[in-house]
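Notes for the one structure printed next.
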There are 2 protein chains.
Amino acid sequence: MDTLDATQAAPQRRSRGARPQRGHSGRALGVPYIVRNIPTYDILGEENLLKIEKVAERILSEVGIEFRDDPVALDHWKKAGANVDGVLVRFEPGMLNEIVSSAPSQFTQHARNPAHNVEIGGKNVVFSPAYGSPFVMDLDKGRRYGTLEDFRNFIKLAQSSPWLHHSGGTICEPVDIPVNKRHLDMVYSHVKYSDRAFMGSITAEERAEDSIDMARIVFGKDFVDRNCVILGNVNVNSPLVWDGTMTKSLRAYARANQAAVIVPFILGGAMGPVTNAGAIAQSFAETLAGCALTQLERKGAPVIFGNFLSSMSLRSGSPTFGTPEPAIGSMVIGQLARRLKLPLRCAGNFSNSKLPDAQAMQEGVMSMLSAVHCGANFILHSAGFVDGLLAMSYEKFVMDTDFCGALHSYLAGVVVDDNTLAMDAFLQVGPGSHFLGCDHTMRNYQTAFWDSALSDNEPFEKWSEEGGSTDMATRANRLWKKTLAEYEAPPLDVAIDEALLDYISRRKTSMADAWY
Amino acid sequence: MDTLDATQAAPQRRSRGARPQRGHSGRALGVPYIVRNIPTYDILGEENLLKIEKVAERILSEVGIEFRDDPVALDHWKKAGANVDGVLVRFEPGMLNEIVSSAPSQFTQHARNPAHNVEIGGKNVVFSPAYGSPFVMDLDKGRRYGTLEDFRNFIKLAQSSPWLHHSGGTICEPVDIPVNKRHLDMVYSHVKYSDRAFMGSITAEERAEDSIDMARIVFGKDFVDRNCVILGNVNVNSPLVWDGTMTKSLRAYARANQAAVIVPFILGGAMGPVTNAGAIAQSFAETLAGCALTQLERKGAPVIFGNFLSSMSLRSGSPTFGTPEPAIGSMVIGQLARRLKLPLRCAGNFSNSKLPDAQAMQEGVMSMLSAVHCGANFILHSAGFVDGLLAMSYEKFVMDTDFCGALHSYLAGVVVDDNTLAMDAFLQVGPGSHFLGCDHTMRNYQTAFWDSALSDNEPFEKWSEEGGSTDMATRANRLWKKTLAEYEAPPLDVAIDEALLDYISRRKTSMADAWY
């Protein structure tokens, strides 16, 4: 393997260094992560950013945040000088900013295949599958509860895509496995069926620690203590409550020098104000407190500043996803996170559609573009998300990974150099001719345009007569089946495999099954 | 009617001044055009912009542009000091920039209902239907050639949408009408079935003049000489050729003080270089020359700097639409047009899909967002475009207008003021409660979130049991039929109507039918 630097010159210089993968379209493609070549889209000026930060400060100092069922967290806050009143904690302005300054602005998450290590922070963009759906769906069998088999299938689809960079975490809930044991099977599946970086459990402190222990088996104890190899995605119980389950998991990851992703999920009008500016201020306050707690647990531990804005249907009160207000709000979150110098998780490919249809991609694209525009470094929910994250769609998963491919070209921006400016071509071709066979075209056409594996670009007649008049969902249905059929597991050291299975076996026999 | 200023405070302050319309969702909404409250997305720095401008200068001075079959245009160039060699015209660096500086950076296009006047240029954004398809399609009857009935239907759908601002031009080709006469029926239909601003013909100089003459009947001769009331969209024959048909139409519009939209259509690798930077430089040169020619015909005439970048399928050689490279390239076009201080038409809602499916909206949204991000002022092709502009889809038309609605909220940005920051709500609600019934929510919820007429946001069970498990295309099919059934024509002065019909009758009897 070459050095990371060599693999990262620009997204469109594909496959240098890192092991090239065979893309859906048959081209050898793939980078371990994207280094963006376009700026972030900053929509607010300094004055307005300061106003939002000021309100966040007032929320933190005047209203405060409750930290429930975690005396250790309260001790941390007391020692740090916060005002602790029962479970309510208030923070002097500036205090949390000072505490989080010890967190790294960028860090490496190691994969068991070093060619798939990802850099999180800075100009880097990492795409990861969606996370947390109880249901799965496909065009053949409709919607049903997810199982471990589905979970493994999505890992295999992710691993097979050159356009994702990360194996994700709870891609779907494997509801056929007891709640208190499924994290063992999930972490094992990530290691077994993927060689990319992954996430562990956060649903209980001991499950977080199991996840990290399994990572220690894969990477070695000392290595894990010095390097990030696993992420834990912890949620605020908005508004302004951190539950002990989450803070204990958060602290478990930080204690092990692993990265917690700190994510409020704010449905505007329910868990936060119905107006964007207020929801952003609240989210900022909640995330800042969570990030600071990681540093009190272990100074210098990596942490990701996370966010998930959402909106509400005025007619039904249902949450809505992929709508314009959260998309535009994400750009502001990005600006605020960069002022803290913390890696960002924000937005993703969100949709409320129940099908892999026009709504799914309309909402998904608007939302996913906001993620890359806002400067998010780790984009959870990059693929598969439908029905307000209640279901993972097999078809949408491959549509979304295909769109992630488009974003590799998009984030490469417009390269301006003597070759791309093509003055030689103009001098050769001149007015009224064409560029089809000119030297410049022959030199550049193979890398000029992104090639979708799912979009139909044939003439209408060919599409209808030879192509069977398919829609994208039908083509996606074929593609995920073909991809699963062709999947090959990456090699895994037998000793590690056996040690993991032994660990799982011991842990499973130590507990009775629990289904809640 | 209030003044335009009063109607334009911000897109989300809907309906002040301009006559409010009943939106699809039943809410009274609609502004005559959008005043953007977010900045443009500028992706290139000064150094790279200068490099592109420099190559454009070299194209213009070293390679030149052919102006075919239009001796008047060549005369204009000679008088302006260009180097004219047969039909090949070369331009000294800076010469064209100097000439276009007489064009207005912003102008009003008047509608026959003054409440629908649009401001083109500056921070204003105008959405117009797609333009130029020979075919139409819907889910019931599939694809067929467009007719005058289809043409009128699309005008009615556009007029019924609160999210479009303009009636457009050749929304589809009415192929049941002779080629040399259909412009008369098209212009009449825009006036009869819509009271918004519209576009005229450019397929022959006399058809351009017919279109303008009909506008004179509607608005009065003197008014037309002093104000823009009709647009003509003229295409460069890329690479680097202006055909006489186009330049004569361009000059006809300019001569009448009406706005030509100057648009190269560059399919990278065919009509221009396969690399974005070169295609942008070429496009810039071609458009600049066209814009300058309008000023030589009539100094101060309004003109719109246009652009249409496209890409190519490497497998089939087919043009592709809604792909990442043209989307990102549009941002650069926007930066260049603003340096010229000219109103911009760029990008739109493009797709190559043959159906109103996931592909259609994936491509459409990526492309349409690039249009609003790049700062386009007049967005032709905002609705209906499928199959690489070979067909107008009834279903996609209403999907796209619905998405235009989302863009009204998106372009309103994040408003930061005491109300939206919601400090009062945080003080009232506190940790662990909810915002559903708090004063701030009650005060703001009705205008907080965009409400799609087509997205399904119901819980899965309700969607499947009560909603019939519809996809967005099916809902769109119902919506366009309902909209057409409920359409009411805006009032039209009887004398104007009769004068138009008389004009059409005289013109039609003066010519034999021509079908090519």
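A short reminder: the numbers here are calculations on the coordinates, not readings from a lab. Small disclaimer: the values here were computed from a predicted structure and weren't measured. No Cβ is skipped: glycine too gets one built from the backbone with ideal geometry, and neighbour counts run over all protein chains shown.
Some notes on this structure:
- Normalised contact order of segment A:390-516, rounded percent, pairs of Cα under 8 Å and 6 or more residues apart: 32
- Distant-in-sequence amide H partners of B:F378 (H built 1.01 Å from N, under 5 Å): B:V126, B:L344, B:R345, B:C346
- Fraction of antiparallel bridges per DSSP, the protein assembly as shown only, in percent to nearest 5: 45
- Total charge dipole magnitude, segment A:241-304, about the Cα centre, Cβ charges on Lys, Arg, Asp, Glu only, Debye to nearest 20: 280
- Proportion of all alpha-carbon pairs of segment A:18-161 beyond 24 Å (%): 62
- Expressed in Å, the radius of gyration and Dmax of the Cα atoms of the protein assembly as shown are 29.1, 95.
- Ranked by how many other Cβ atoms sit within 10 Å of their own Cβ, fewest first, the residues A:L436, A:L344 fall in the order A:L436, A:L344.
- Entry for segment A:204-277 at q = 0.13, 0.15 Å⁻¹: log10 I(q)/I(0) = -0.45, -0.55, Debye formula applied to identical alpha-carbon scatterers, no solvent contribution.
- All alpha carbon pair distances within segment B:310-359 were sorted into 5 Å bins beginning at 0; the resulting P(r) in whole percents reads 4, 18, 22, 19, 17, 10, 6, 3.
- Residue-span extension gain [B:D417 to B:S433] - 0.36 nm each, minus C-alpha spacing: 3.4 nm
- Karplus 3J(HN,Hα) series, Hz, for segment B:493-501 with 6.51 cos²θ - 1.76 cosθ + 1.60 (x for Gly, Pro): 3, 4, 5, 5, 4, 5, 5, 5, 5
- Anisotropy class of segment B:134-283 from Cα gyration tensor, a/c 1.5 cut: oblate
- In summary, the convex hull built on the alpha carbon positions of segment B:153-221 has an orientation-averaged projected area of 4.5 nm².
- Count Lys and Arg as plus one, Asp and Glu as minus one, and take only other residues whose Cβ is under 15 Å from that of B:L74; the net charge is then -1.
- The mean sequence separation of alpha-carbon pairs under 8 Å and at least six residues apart, normalised by the residue count of segment B:139-295, gives a relative contact order of 17 percent.
- Computed over segment A:383-516, the alpha-carbon pair-distance distribution with 5 angstrom bins reads 2, 7, 9, 10, 11, 12, 13, 11, 8, 6, 4, 3, 2, 2, 1, 0, each value a whole percent.
- Chain lengthening between B:L484 and B:Y516 when straightened (0.36 nm per residue, less Cα-Cα): 8.4 nm
- Packing-based ranking of A:229-241, A:43-55, A:195-207 yields A:229-241, A:195-207, A:43-55, ordered from highest to lowest mean Cβ neighbour count within 10 Å.
- Residues B:E297, B:E98, B:E395, ranked from the fewest to the most other C-beta atoms within 10 Å, line up as B:E98, B:E297, B:E395.
- Two-decimal Rg to Rh for segment A:329-421 - Kirkwood Rh, Cα set: 1.06
- Taking a straight Cα-Cα cut-off under 15 Å and skipping sequence neighbours fewer than 8 places away in the same chain, the aspartates and glutamates within cross-link reach of B:K299 are B:E98, B:D225.
- Axis of helix B:71-80 versus longest Cα principal axis of chain B: the two differ by about 90°, to the nearest ten degrees.
- Dipole magnitude for chain B: about 640 debye, using +1 per Lys or Arg Cβ and -1 per Asp or Glu Cβ, origin at the Cα centre.
- Phi angles of segment A:260-269 translate, via the Karplus equation with coefficients 6.51, -1.76, 1.60 and θ = phi - 60°, into HN-Hα couplings of 8, 9, 9, 9, x, 10, 10, 8, x, x Hz per residue; Gly and Pro are given as x.
- Each other copy holds its own label point for A:K79; taking that point as 7 Å from Cα along Cα to Cβ, the gaps run 8.5 nm, nearest first.
- Segment B:173-182 - phi-based ³J(HN,Hα) in whole Hz, Karplus 6.51/-1.76/1.60, Gly and Pro as x: 6, x, 6, 7, 10, x, 4, 7, 10, 5
- Amide proton proximity set for A:C172, modelled H, under 5 Å, gap of 5+: A:G132
- Out-of-range pairs (alpha-carbon distance over 30 Å; input A:K123/B:K354; B:K51/B:K78; A:K341/A:K481): A:K123/B:K354; A:K341/A:K481
- Cβ-based net charge around A:V236, under 10 Å, with every Lys or Arg adding one and every Asp or Glu removing one: -2
- Other residues lying with their Cβ under 12 Å from the Cβ of B:N83 contribute a combined charge of -1, Lys and Arg counting +1, Asp and Glu -1.
- Label-point spacing for A:L484 across the identical copies (point 7 Å from Cα in the Cβ direction), in nm and ascending order: 4.1.
- 0 to 90° range, to nearest 10: angle between helix B:472-486 axis and chain B longest Cα axis: 80
- Proximal lysines relative to B:K508, as straight alpha-carbon distance under 16 Å, when same-chain residues fewer than 8 apart are discounted: B:K181
- The radius of gyration of the Cα set in segment A:261-332, together with its Dmax, comes out at 13.6, 47 angstrom.
- Partners for A:K192 among aspartates and glutamates (Cα-Cα distance below 16 Å; same-chain residues under 8 apart left out): A:E149, A:D150, A:D213, A:E488, A:D493, A:D497, A:E498, A:D502
- Exam field: B:E465 pseudo-label spacings to other copies (7 Å along Cα-Cβ), nanometres: 4.9
- Spread over its residues, the convex hull of the C-alpha atoms of chain B is 168 Å³ per residue.
- Rh by Kirkwood over Cα pairs, then Stokes-Einstein D for segment B:201-340 at 0.692 mPa s and 37 °C, µm²/s: 209
- Tail weight of P(r) past 16 Å, computed on alpha-carbon pairs of segment A:284-381, percent: 57
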